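Note sheet for the following structure.
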Amino acid sequence: MKCSLCGYEKAHKHGKTSKGSQRYFCPKCQQTFTDTFDTLYYRRQVSEEDVRIVLQAHTEGSSLRGISRISGLAYDTVVSIVQAASRKAQMVHNAQVQDVDTEAIAADELWSFVEKNKSAAWLENSKLEIAG
């Protein structure tokens, strides 16, 4: 098992947590960790399925209070899960997406708007603004 903290390749099993999750020990950094370390499930008292349901409902536009009623989880728990997912997504974006070089931009939404509004005056003004 690879250490989640320092990246050392030879971390080994080190017993189980009180909840029954496998614990690992890294001889290099002398730290213990579980396989859920640095995930949305780390130190949560809810199942992975509950986290998935909360995030799916949030993605579909349900209110946080509505999600709380549907899932049976406390409102603060739902908010905590959504905030943790948001932070994790921002970290992934910062680490991987921001440094992507682009040469062309896909503007599907903008093109749909242009197609709907075929007013020649609007189109000419927008060309001037883009070119200028």
Note, ³J(HN,Hα) from phi for the range 74-90, Karplus 6.51, -1.76, 1.60, rounded to Hz, x at Gly and Pro: 5, 4, 5, 5, 4, 4, 4, 5, 5, 5, 5, 5, 5, 4, 5, 5, 5
Other-chain or far-sequence residues with amide H under 5 Å of His14's (modelled H): Arg23, Tyr24, Phe25
All-pairs alpha carbon distance profile, the range 40-97, 10 Å steps from 0, percent: 24, 53, 20, 3
For Asp35, residues with placed amide H under 5 Å, excluding near neighbours: Gln22
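Bear in mind these aren't lab numbers, they're just calculated from the coordinates by the rules spelled out. Quick caveat: nothing in here was measured; it's all calculated off a predicted structure.
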